[in-house]
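Novice: Please see the structure below; I have some questions.
The values are calculated or read from the model by the stated rules, or taken from the named source; none is laboratory data. Remember, it's a predicted structure, so these values are computed and weren't measured experimentally. Positions of Cβ are backbone-derived with ideal geometry, glycine not excepted, and every protein chain shown enters the neighbour counts. Just the protein is used for accessible areas: all its heavy atoms, side chains included, with ligands, DNA and RNA removed. Shrake-Rupley method; radii C 1.70, N 1.55, O 1.52, S 1.80 Å.
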Amino acid sequence: MKRLLLAFMLVFALLLTSSFLEPATAKSVYCGQKCKARCSKAGVKDRCVKYCELCCEKCKCVPSGTYGNKHECPCYRDLKNSKGKPKCP
């Protein structure tokens with residue numbers, strides 16, 4: 001009986017874990033693609049993509065185009081760094 005309960009708990013834990021991992025991967029792919037497009041003309045692409053992905057993970061959106069259009073995503077627009085300047089490219 002204890003083995004059956006242990007097996008059930010193990011299967012349940014694996015199913016629960018896999019359900020949490022899949023949405024995170026999908027979200028990362030979404031942000032990666034959007035930020036790659038957003039930063040395609042940036043001078044320092046890897047830094048642009050890094051901060052864009054941080055903002056995308058938090059705000060769940062990225063403005064269209066390579067510059068501007070931040071009105072499309074107020075959260076993205078309003079994030080600031082420690083110096084009070086815009087955090088998101």
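Novice: Being under 8 Å from the mean Cα position of the chain (by Cα) and open to solvent by 80 Å² or more (accessible area, probe 1.4 Å) is the filter; apply it to segment 37-63 and report the residue that is farthest from ASN81 (Cα to Cα).
Specialist: LYS60
Novice: Quick one: CYS59 ticks every box in (1) under 18 Å from GLY32 (Cα atoms); (2) in contact with a strand residue (DSSP E or B) (Cβ under 7 Å, 6 or more places away or on another chain); (3) of a type outside the set (D, E, K, R) except a single one, so which number is it?
Specialist: Result: CYS59 passes all but (2).
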